[in-house]
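Peer 1: So that we are looking at the same thing, I have put the structure below in structure tokens.
Every read-out reported here was derived from the displayed coordinates using simple, explicitly stated rules and does not represent laboratory data. Since the model is a prediction, treat every value here as computed from it, not as a measurement. In this analysis, Cβ positions are derived from the backbone assuming ideal geometry, glycine residues included, and neighbour counts consider all displayed protein chains.
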Amino acid sequence: MHTIILAFIFGFAILCLSMRRRRRWLHDIAGPRSGSWLYGHQLRFNRQNDVGELDFEWNHRYGNIWRIDDCFGGESLMVADPKAIHHILHVQGYGYPKTRLSRQFTALAFGRDDTHVQHRKVLAPAFAAQPIRAFLPIFRRVAAQLVQIWKDQLQCGDMSKPQVLSVSRGFSNATLDIIGETVFDYHFGSLDGFEERNEFSDIFHNLWANSNLHPSKPAILFGATWQFIPESLLRFVEYLPFRQFVRFREYLVAGKRAGKEMLKDMTQYVSEGKKSHHADILSIIVDANNSSDSSVRLSEDEVLSQVTTLLFAGHETTATTLTWLAYELAHHQADQDEIRREITGRRAKLPLRQRDFSVADLDALVFTNACIKEVLRFHPISPWVTRESAIHDIIPLSKPITLKSGKTIADIEIGSGVPVLISTCAYNRLASVWGADAHEWNPRRFLNPHLRDTQVSVGLHANVLTFSGGNSGCIGFRFALLEMQSTITELIENIKFTPPPGMDDIEMLRVPVGAIMAPMVKGKLHERTQMPLGVEFLH
């Protein structure tokens, strides 16, 4: 008993010393006070009903850099300043790794610790611009299948009028099937027999919402202690009865089971001297594991972890983005009509023997692509980027800030170990970057040739931060963009989205569920992820 008490006292002393060391760097930076030493702002931050409501409030009050309170008296630096973000993600890069909490959660959720450089080296060839062009027929076929399934679902109603349909599940199933075929050369069949139960579809459906919606107080406090728990003990955390771990453990088991089946089939396929239909991830990994270069070889556990990671990262984020794009087009009919006219005009210019759009044709749909850029800006699926300084650094700012002491500074000095939370949602709404209407839906901003003239380079695509940036940028962003281009083109040619008829009082929320946000109906959060829209078929 005495040993346990001494260990607790020692651990608590280490925690307090660590928090005190971090506070010295941020104590003079303005920010809201939580009034709670135990929870800081974490309780309020993790339980907000609409992503960005706190970020926008604090950004307006304190500027593009501010300080927030963490659990146990700790503090974090929140960043929306473009120059500071550029410095953290692009200039210093590995000087700001993921926080230990983020790394450990990744390991628990997806079965790995992040050997980031090695994995990117192996996976990068499959996500280059040229290989993903081969995926276009799959994108198009799955989108057409989704249209037909929605039509079959609603055939009992009046097809000449918009009918209410929650589109989020359909997008999720479609993108899961796309990931299966393109990345793993594997058929999940989520859209086959849409009304029938499908193991993977069921596991993915509301995975994050059921795991992380409005976390309990003990769960928030426990998460805050991870950085002080020895890594040898953290591997037992997944067996605790918190709902976060229960759902992700189910996903991890199912994902690894499917991964073993995929890996076995692909290894046999390659050993027989056969080639995959395209440069899918799994065939590239198997080829790499046959290489004499040990730096590109992955263990079986690492391969299976990549399967579980890519299954989530490659499908749920794109599905949710498409869901919000359908929502915005339903509520901005002029934009939807403009996309439809643009598609019709481009199709009329196709050569006689060309039935479908090429990648070049999709890239030429200027307004359609502007709408995709705008939904990425306006509805970032991952609202925050969590980092921690591993170096003593001086962070430059786009414009000076005034400290609590009254001193004005043009850069911020911090030591190592300071948590840094980059607010993607706040940066994506900065008037200084996107214009005075930054809080409004306006895809035409991306038609302005001078938009980038005064912008600092921050994001991977159109300078939005949704795909992150620097060495931590989304490796599959080109894949996701082509998938969205081909899917929305197929849908808008065949479907008219409208606000859901008979549901005039409905209000959609972007609810934070862990590292991402999910669309939910206000007052119906217990029903989890959904997006009811009116769907009218044009053909």
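Peer 1: Listing Asp335, Asp356, Asp185 from the residue with the fewest other Cβ atoms within 10 Å to the one with the most, what is the order?
Peer 2: Details: Asp335 21, Asp356 13, Asp185 18.
In increasing order of surrounding Cβ atoms, one gets Asp356, Asp185, Asp335.
Peer 1: Hey, another quick one. Over the range 405-539, consider all pairs of different Cα atoms and compute the Kirkwood hydrodynamic radius from their mean reciprocal separation; express it in Å, one decimal.
Peer 2: On the way: mean 1/r = 0.0530 Å⁻¹.
Radius from the Kirkwood sum: 18.9 Å.
Peer 1: Let me ask something else about it. Order of Glu483, Glu75 from fewest to most other C-beta atoms within 10 Å? Mind dumping the intermediate values first?
Peer 2: Details: Glu483 29, Glu75 21.
So the ranking, lowest neighbour count to highest, is Glu75, Glu483.
Peer 1: Pairs Lys151/Lys496; Lys83/Lys121; Lys83/Lys407; Lys98/Lys121: which exceed 22 Å Cα-Cα?
Peer 2: Over 22 Å apart, Cα to Cα: Lys83/Lys121.
Peer 1: How large is log10 I(q)/I(0) at q = 0.13, 0.21 Å⁻¹ when the Debye formula is applied to the Cα atoms of the range 347-441, each weighted equally and without solvent?
Peer 2: Log10 I(q)/I(0), no solvent term: -0.71, -1.13.
Peer 1: Go through Ala515, Leu447, Gly502 and say which Cα lies farthest out towards the positive end of the charge dipole of the range 431-539; charges sit on Cβ, +1 for Lys and Arg, -1 for Asp and Glu.
Peer 2: Ala515
Peer 1: Between the alpha-carbon centers of the range 384-408 and the range 310-383, tell me the distance in whole angstrom.
Peer 2: Using only Cα atoms, the two centres lie 37 Å from each other.
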